[in-house]
Amino acid sequence: MKTLSVNHLLGIKQLTAEDLHLIFETADHFKEVINRPIKKVPSLRDITIANLFFENSTRTKLSFELAEKRLSADVINFSASQSSVKKGETLVDTVNNILAMKVDMVIMRHPKPGAAQFLSERVNACIINAGDGTHEHPSQALLDAYSLREKMGDLKGKRIAIVGDILHSRVALSNIFALQKLGAQVKLCAPKSLLPQYIESLGVEIETDLMKTLQWCDAVNMLRVQNERMEVKYFPSTREYAMLYGLTMEKLEQLRKEIIILHPGPINRGVEITSAVADSDQAIILDQVENGVAIRMAIIYLLAAKLNITAQ
C-alpha cells in the first residue's frame, strides 16, 4: 500500500505532489462509498479521534466529524468555550489529558498560526491541522484542488485565480501551495491593502483589476472578507469593495468563456459574490462541500495507516 510521506497533516507546504495524488485517489474511492445506500465502512473502528476546535467552525467541524463516523472511528468533540482552557490550562496539558483517555488522532483548529506544528512536536498523537490562524487550512485546499480536478482533469498548466482577502486567509496560502505542486498557474487579485508583503516571493502573479483576472483564468476561488480578523479598515467601505471585487452575473456575462467558480464559505452574499453567481451552474460550491467529506476521509484513513493500528 502506498503511504503518505508525513505522519501529521500540518500544512500543504510539507506534502509532496505524490502525497496530493494519493489523497485524491483515496478520496475517489471514498466518494463512491458515501454515495452508496450504506455510507459507512469499518476501516477505522479501532481508532479514537478528538476534534479540538478553539475557534468557531461549522462546515469544517461537521465535515471532519462526518468523515470520522463514515470510517467507523470513535469520536469525541471538544469545544474550547466550555473547557478548562478558559481556566488557564495550557494547550499541551489540555491535549495530554485528552490523550490519556487513549485518543489516537487530534484534529485541531486554533486561532494562533503554528499551533498544530507546536502540538505535533510535544504530544504523542497524529495531528491534523483544521486551520491555524492566518497560516494554513490544508484540508480546504485539498478539497478545492480535488473539486477542480473533478471538473478540469489534470491541473497542470491550468490558470487558477484567487480573489479577495488574501492577507487574512489561511485558505489562500494552502491553495497556492497545493495548486503549484499540481502544476497550475496561480494569480492573486485583491486591493493592495489585502495582499501580504511577502506574497510575490511565493511565485504567484499579482493583479488588482478583477476583470483582467477573470479574462485570464479558467477557474476563480472567491474568498470571504474576514472582518473578524481586521483590527483596522483595509478598504473604504463594503459597498466599494463589492463594486470593485465582488463577482456578479454582469461581470461573468462580459467574458467570452465560462469559468469555474469556487468559494470556501461561509459566503457573504452581495459582498464577494452575488446570490445569482453563487447559485449558478458555473459555481461548484456545494460540490466542494460534498468533496470535503471524501477528502477528509482520505486524509484520516491515510494518516491512521501510519499509526499501524487500522482495522484489517
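Across the cross-link table entries Lys61/Lys151; Lys2/Lys61; Lys156/Lys257; Lys156/Lys251, which are compared at the Cα atoms, the separations over 23 Å belong to Lys61/Lys151; Lys2/Lys61; Lys156/Lys251. Once the GluC sites (Glu not before Pro) in DSSP loops with at most 14 neighbouring Cβ atoms within 10 Å are cut out of the chain, the longest remaining piece is 122-230.
The Rg/Rh ratio for region 142-192, using Cα coordinates for both the radius of gyration and the Kirkwood hydrodynamic radius, is 0.97. Taking the fewest neighbouring Cβ atoms within 10 Å as the starting point, the ordered list for Arg296, Arg36 is Arg36, Arg296.
Taking the C-alpha atoms only, the angle from helix 170-181 to the longest principal axis of the chain is near 90 degrees. Within region 23-112, the ratio Rg/Rh, alpha carbon atoms throughout and Rh by Kirkwood, equals 1.03. Here the relative contact order of the chain, from alpha carbon pairs under 8 Å that lie six or more residues apart, stands at 22 percent.
Straight-line cross-link reach from Lys181 at under 15 Å between alpha-carbon atoms covers these aspartates and glutamates, not counting any fewer than eight positions away in the same chain: Glu18, Asp19, Asp144, Asp154. For the chain, the equivalent ellipsoid derived from the Cα gyration tensor has semi-axes of 33, 23, 17 Å, listed largest first.
Determine the sum of side-chain charges near Asn291: Lys and Arg each +1, Asp and Glu each -1, restricted to other residues whose C-beta is under 11 angstrom from that of Asn291. Let's see the in-between values first.
On the way: positive: Lys31, Arg149, Lys151, Arg296; negative: Asp28, Asp144, Glu150, Asp287, Glu290.
Net charge in that neighbourhood comes out at -1.
With the alpha-carbon atoms of region 138-285 aligned to their principal axes, the span from lowest to highest coordinate is 40, 34, 26 Å, starting with the largest.
Values in this text are rule-based calculations from the coordinates and carry no lab data. Since the structure is predicted, the reported quantities are computational estimates derived from the model, not experimental observations. Because the Cβ atoms are built from the backbone with ideal geometry, glycine has one as well, and the counts that use them run over all protein chains shown.
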